[in-house]
Structures are given as C-alpha cells and as structure tokens.
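Coordinate-derived values only; no laboratory data. In this text the structure is predicted, and so the values were computed from the model without any measurement. Using ideal geometry, Cβ is built from the backbone for each residue, glycine included, and neighbour counts are taken over all protein chains shown.
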Amino acid sequence: MKIDPMDKGLVNRVFDYLNKVRKGEAFTMDGCPIPASQNIPGFCYIVCSLTENMRRYCNLLDLTKTNDGIAIFWLQ
C-alpha cells in the first residue's frame, strides 16, 4: 500500500520548521528572529488520526509508539 503524501507532508513540515528554528531562519508572530541554537529542544505536536498509512510512515522514520498505542513520538 502506498503512503499518502498528506501523511508525509504533516510530519515533514514539523521537522522542516524545527530545523528552521535551529538554524535561526524562523521568526516569531511579531516578526522578531528566533536566535539560532542547535541544542534548542523541539516539542512539536501533530493532531491527526493515526491511519495505517500514517503509522507506516512514522515507522519508516523510526518514531516511537507510546505504550498505549494511541500516540507516536520522537526524541533526539
């Protein structure tokens, strides 16, 4: 079964934005630059249905499933 591009897009956008923040390429809502920091922790949430395609894509990225199986997370 093919992985839905929408599932990839949700996850990739979060990782892309976190990378922008860490490189100093992101701005606050007021337009102020966020200082670059490779060590800044990222707490990103994607609220969505964990479809079979989304689970498969998260598995490809080696993300971790919670013990109750209702969420998936990644720690770096």
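Helix 5-23 axis versus longest C-alpha principal axis of the chain: approximately 30°, rounded to the nearest ten. Spin-label model, D62 to A26: label points 7 Å out along the Cα-to-beta-carbon direction sit 2.3 nm apart.
Of the three principal axes defined by the Cα atoms of the chain, the extents in descending order read 42, 25, 19 Å. Scoring 59-66, 32-39 by mean Cβ neighbours within 10 Å over their residues and listing the highest first yields 59-66, 32-39. In a fully extended conformation the segment linking N19 and Q38 would gain 6.0 nm over its present Cα-Cα distance, using 0.36 nm per residue.
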